[in-house]
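What follows is one structure encoded as C-alpha cells, with my remarks underneath.
Quick note: the coordinates plus some simple rules give every number you see, no bench work behind them. Because the structure is a prediction, the values reported are computed rather than measured. Here the Cβ positions follow ideal geometry from the backbone for every residue, glycine too, while neighbour counts run over all protein chains shown.
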Amino acid sequence: MAALSGCARGVLDPAGPVGTAERKILFDTVAIMLLIVIPVIIATLWIAFRFRASNTGAQYQPTFTHSGRLELITWSIPALVVFFLGGVAWTSSFLLDPARPLPSRTQPLEIQVVSLDWKWLFIYPEQHVASINRLVVPTGVPLRLRLTSASVWNVFWVPQLGSMLYTMHGMAGTLYLQADQPGVYQGGSAMISGDGFASMHFDTQAVSTDDFSRWVSAAQAAGPALDDDAYRALLRQSSNVPPQTYRSVRPGLFEAIVREQMPAGDGPEPGTSSVVELGR
C-alpha cells in the first residue's frame, strides 16, 4: 500500500477521457494476462504437490513423450491471450490516435506548444496570448495541441490527461486532450534533454470556462509582447523559469518556428545525454 501511494496524480488517476481510456487499457491488459498467469501458478503448485516424492499414488510414466490434449491446452491458451491482447492494442491504437479529434459538441481550443531549453512555451493563437511554464485550459473543452521543438527532441506529457507526444525541431505534431475536472495537473518532459531537464515541468490548470475567459482578459491586459526579440530571449538556455504571460503574440510565430524561419536553440552541451526517455 505504501508503494502504491506513489501512483497518485499519475496515469492511474486520470482527469480526462484520454487518460481514462488508457487506464482501462492497462487494466484490461492485466486482466487478460492474468487469465494465463493465475492458472499456470495454480498448475505449478498442484503438480509440485501431486508428484511429490512421498506421494506413492501418483502415476509414474518415465516413457511419456506426447499428449494431444496437453498440446492443445499448451498452445490454445497463449494463442487466445495473444489474440485478445492484439485486439485490444489494435482497437486502442485507432481510437486513441493522438491526432484523432475527441468526440464533442464543443469546438476544440487550439494551443501551440514549443519546447525550449529548458522551459515550455504555450501560444493561444485565437486569444493572441502566450504563457511560459503554465498551461491554462477550460474544463470539458477538447484541446487541439500542435507541438514542435525549438531545440532538441522532447516529449510533452501530462500523465493525468493522457497520451504523450514527441516535439521535434522542424516538425509539428497534433495531440488531442481534454480535462474533465477542475484542478492542477503536473506536466513536463519525458525525455532527458540536457542539464536543465530536471526543472522542465509545468502546471496544467484546468478551470471553468468563465475563469478561463477571465485569465485570458488578465493576460491581454498585462505582461510584455512576444515579438521576435522576446522569442530570441527565450531561446537562451535557462531553467527554473517562473510562469509568466505575454499580452500579445507575433502573428505566425509558431509556423515560423516549425519552418525554421526563426533561429534554433543551442541544445545540450556536448556529452550530455538527450536520448533517454522516461515514462515508458
- Query: Which one is right for this structure if semi-axes √(5λ) of the Cα gyration tensor in Å is calculated from it: [x] 34, 23, 18; [y] 28, 24, 20; [z] 50, 21, 17?
  - Reply: [z]
- Could you put 42, 36 in order, starting from the residue whose Cβ has the fewest other Cβ atoms within 10 Å? 42, 36
- For the range 197-245, state which trypsin sites (Lys or Arg not before Pro) are in a DSSP loop and have at most 13 other beta carbons lying within 10 Å of their beta carbon. 236
- Item | Amide proton proximity set for residue 120, modelled H, under 5 Å, gap of 5+ | 133
- Sort 124, 166 so that the residue with the fewest other Cβ atoms within 10 Å of its own Cβ comes first and the one with the most comes last. 166, 124
- Message: Under 11 Å from a point placed 7 Å out from the Cα of residue 240 along the Cα-to-Cβ direction: which residues of the range 184-205 have their backbone N that close?
- Response: 199
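Determine, from the Cβ-Cβ distance of residue 52 and residue 81 and an R0 of 41 Å, the FRET efficiency 1/(1 + (r/R0)^6), rounded to the nearest 0.05.
For R0 = 41 Å, the calculated efficiency reads 0.85.
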- Query: Hey, what angle do you get for helix 68-95 against the long axis of the chain, alpha-carbon based, 0 to 90 degrees rounded to 10?
  - Reply: 10
- If exposed GluC sites (Glu not before Pro) are those in a DSSP loop with at most 15 other Cβ within 10 Å, what is the longest stretch of the chain that has none? 127-259
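In which sequence would 193, 217 go, from the one with the fewest C-beta neighbours within 10 Å to the one with the most? Can you show the working numbers first?
Numbers: 193 27, 217 11.
Taking fewest neighbouring Cβ atoms as first place, the list is 217, 193.
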- Query: If contacts are Cα pairs under 8 angstrom and at least 6 residues apart, what is the relative contact order of the chain in percent?
  - Reply: 21
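Name the chymotrypsin sites (Phe, Trp or Tyr not before Pro) in the range 1-62 that are in a loop by DSSP and that have at most 16 other C-beta atoms within 10 Å, would you?
For chymotrypsin sites (Phe, Trp or Tyr not before Pro) across the range 1-62 that sit outside H, G, I, E and B with at most 16 neighbouring Cβ atoms in 10 Å, the list reads 51, 60.
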- Work through the residues other than residue 242 whose Cβ is under 13 Å from its Cβ and net out their charges, Lys, Arg +1 and Asp, Glu -1. +1
- Could you run the Debye sum over the Cα atoms of the range 122-280, one equal point scatterer each and no solvent, and tell me log10 of I(q)/I(0) at q = 0.20 Å⁻¹, two decimals? -1.55
- Item | Rounded to 5, the percent of DSSP beta bridges in the chain classed as antiparallel | 65
- Degrees separating the helix 209-221 axis from the principal Cα axis of the chain, which is the longest one: 40
- How long is the gain from residue 92 to residue 21 if the chain were fully straight, where each residue apart is worth 0.36 nm and the alpha carbon distance is subtracted? 24.7 nm
- Query: How about the range 53-131: which trypsin sites (Lys or Arg not before Pro) there lie in a loop by DSSP and see at most 14 other Cβ atoms within 10 Å?
  - Reply: 105
- Computed from the beta carbon distance with a Förster radius of 35 Å, FRET efficiency for residue 3 and residue 266 to the nearest 0.05 stands at 0.30
- Task: Please say if the range 1-105 is rounded, prolate or oblate, where rounded means a/c under 1.5 for a ≥ b ≥ c the square roots of the C-alpha gyration tensor eigenvalues, and otherwise the choice is prolate for a/b larger than b/c and oblate otherwise?
- Result: oblate
- Query: Which value at 222 nm does the chain reach when only helices count, each DSSP H run of 4 or more adding -39,500 (n - 2.57), with the total divided by all residues and rounded to the nearest 500 deg cm²/dmol?
  - Reply: -10500 deg cm²/dmol
- Query: How high is the relative contact order of the range 109-258, in percent, with contacts defined as C-alpha pairs under 8 Å that are six or more residues apart?
  - Reply: 30
